[in-house]
Amino acid sequence: EILYCTRGQARIQVVNDNGQNVLDQQVQKGQLVVIPQGFAYVVQSQNNFEWISFKTNANAMISTLAGRTSALRALPLEVLTNAYQISLEEARRIKFNTLETTLTQARSGQQQLIDQIVEA
């Protein structure tokens, strides 16, 4: 995937298929970022950030890591609590409190959970 920044500034984090962080960088208008097929990424807007993305593979797939269309939403709460070793309340928040279909910011204490989700 190719991301072209058209406005503002943002922080982009990219992880490979093993969950290892391969990019954690600030980007701004006019910059181009190439994300290899199968790598997950998160964009955190810092100043009215806008971008255009181009899929470079005709069979490219988009999978959301959070929100109403994610696989996490379909899992029973007990599965989430056991898989990620979190409380029932934390599992409930992850499953139901995120309406967006993109993951934008980690709250304190949840970065490890996000890392585990990305690795899965």
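I need a count of the residues in the stretch 19-33 that are at pLDDT below 90 and under 13 Å from the mean Cα position of the chain (by Cα).
In the first step, residues of the stretch 19-33 are kept if they are at pLDDT below 90; the result is 19-21.
This time we only want the ones that are under 13 Å from the mean Cα position of the chain (by Cα), so: 19, 21.
Of the residues in that region, 2 qualify.
In the stretch 1-28, what count of residues is obtained for those that are touching a strand residue (DSSP E or B) at 6+ places or on another chain (Cβ under 9 Å), surrounded by fewer than 15 Cβ atoms within 10 Å (Cβ to Cβ), assigned to a loop (DSSP other than H, G, I, E, B) and touching a residue at least 24 places away in the same chain (Cβ under 8 Å)?
1
The values are calculated or read from the model by the stated rules, or taken from the named source; none is laboratory data. The structure displayed is predicted, hence computed values, not measured ones. Backbone-built Cβ (ideal geometry, glycine too); neighbour counts: all protein chains shown.
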